[in-house]
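I have placed the structure first, in the form of structure tokens, so that the comments after it can refer back to it.
What follows is calculated from the coordinates using simple rules that are stated; it is not laboratory data. These numbers were taken from a predicted model, which means no experiment stands behind them. A quick note on method: Cβ atoms are made from the backbone with ideal geometry, for glycine too, and the neighbour counts reach across all protein chains shown.
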Amino acid sequence: MDLLAAFTWCENTWLGQMIRDSTWAFAAIEVVHLLGLTVLLGTVTVVNLRLAGIGLREQSASDVAADAMPWTYGGMAATILSGSGLFVSEALKCYDSPPFYWKMGLLAVSLVFTFAIQRRMANGNAPDFSPGVGKVLASMTIALWFGVGLAGRAIAFY
Amino acid sequence: MSLFQICQVIQESEIGTAIRESTWVFPIIETIHVLGAALSVGLILCLDLRLTGLGMGRIPAAQLMHRLKPWYLTGFAVMMLSGALLFWSEAAKLYDSFTFRMKVLFLVLAGLNALIFEIVYTRRIAGFETEGTPAGATVVGWCSLAFWAAVIGFGRWTAYGLS
């Protein structure tokens, strides 16, 4: 099955049709999407500011991460679940939207940074990054997630 | 001159018209607005979680407040400035929008809530670790969570009402 066929299948699902046909479903789901994104971006920022040596620097990185990560995961789950609903309701629009592919690519890289690098740095069992490298990686993680938000917003525009 | 007429003058001004009629300026400002709001509210959320006892239990409230303040104030400034430009371009439309009025109402409530916290609790926040979070500060935390969620919800809905 090629990509277009897969997107068409999504567009024709019961859920996609229901969201499209409803007056309020899309807007309501998008509010959830935005609230989830806010929780996600806020907590990612707190953890990575700490990893960059700024922000909550009196606390250990592992303490900040342990406190923030459940909320990061919760925000991520809410954003991805609601985002899947938005996607199936307009999969064919997404198929033609360059920012959609940017968003999914940035999302994939952001997830790798968050799970493979940030989590290990926060647990203190990171491959020993020099402070400079750690700062760069933490700044990149923040920038990547905000990039996901930026590209996501752009889907609505073209 | 009524408030509505003032809104009309703002919307029809040279800058308001330029933002509204441009292909890219409005979407770019709106994207900045959303990301500024997410940064600001997302960081305020971390302090609220601590005040309400929902999370962030390993970090003293005083640390969350003092260390995150420059960052959430920056996000807040970005959100307000970009929001002012968006308002400039469609002030008369927004005057009629119920969701916009609700958003402003909750923004004012969130501001008053933060002001109460600033006046009553900021000087005592270092003591929260030893004496526990005062009940009043917990209420402020819950109000902040509710008010900001309402600001974001009504804010997003405002954009639907206009389209």
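Here are the numbers for the structure shown:
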| item | result |
| --- | --- |
| q = 0.12, 0.16 Å⁻¹, the range B:3-162: log10 I(q)/I(0) [Debye, one scatterer per Cα] | -0.58, -0.89 |
| Mean-position separation - Cα centroids, the range A:2-65 and the range B:59-115, in angstrom | 21 |
| Charge tally in the Cβ shell below 13 Å around B:Leu64, where Lys, Arg are +1 and Asp, Glu are -1, B:Leu64 excluded | +1 |
| Using θ = phi - 60° and Karplus 6.51 cos²θ - 1.76 cosθ + 1.60, couplings along the range B:54-61 (whole Hz; Gly, Pro as x) | 6, x, 6, x, 7, 10, x, 4 |
| Whole-number Å³ per residue for the convex hull built on Cα positions in the range B:64-103 | 61 |
| Helix-only CD estimate at 222 nm, as mean residue ellipticity for chain B, using -39500 (n - 2.57) per DSSP H run (n ≥ 4) | -27000 deg cm²/dmol |
| Partner chain coverage, peptide B:24-35 - average Cβ within 10 angstrom | 3 |
| Order by protection proxy (mean Cβ within 10 Å, highest first), peptides A:16-27, A:103-114 | A:103-114, A:16-27 |
| Tilt relative to chain B, helix B:25-52 - C-alpha long axis, 0 to 90 degrees, to 10 | 20 |
| Global form of the range A:3-155, assessed from the alpha-carbon gyration tensor, a/c cut-off 1.5 | prolate |
| Computed over chain A: relative contact order in percent, which uses C-alpha pairs under 8 Å that are six or more apart | 33 |
| Listed pairs A:Lys135/B:Lys103; A:Lys135/B:Lys69; A:Lys93/B:Lys93 exceeding 31 Å between Cα atoms | A:Lys135/B:Lys103 |
| Residue order, fewest to most beta carbons within 10 Å, for A:Trp14, B:Trp148 | A:Trp14, B:Trp148 |
| Residue mean of other protein chain beta carbons inside 10 Å, B:41-51 | 5 |
| Prolate/oblate/rounded call for the protein assembly as shown, Cα gyration tensor, a/c under 1.5 rounded | oblate |
| Test item: B:102-110 mean partner chain Cβ contacts at 10 Å | 0 |
| From the C-alpha gyration tensor of the range B:41-134, square roots of 5λ in Å | 32, 14, 11 |
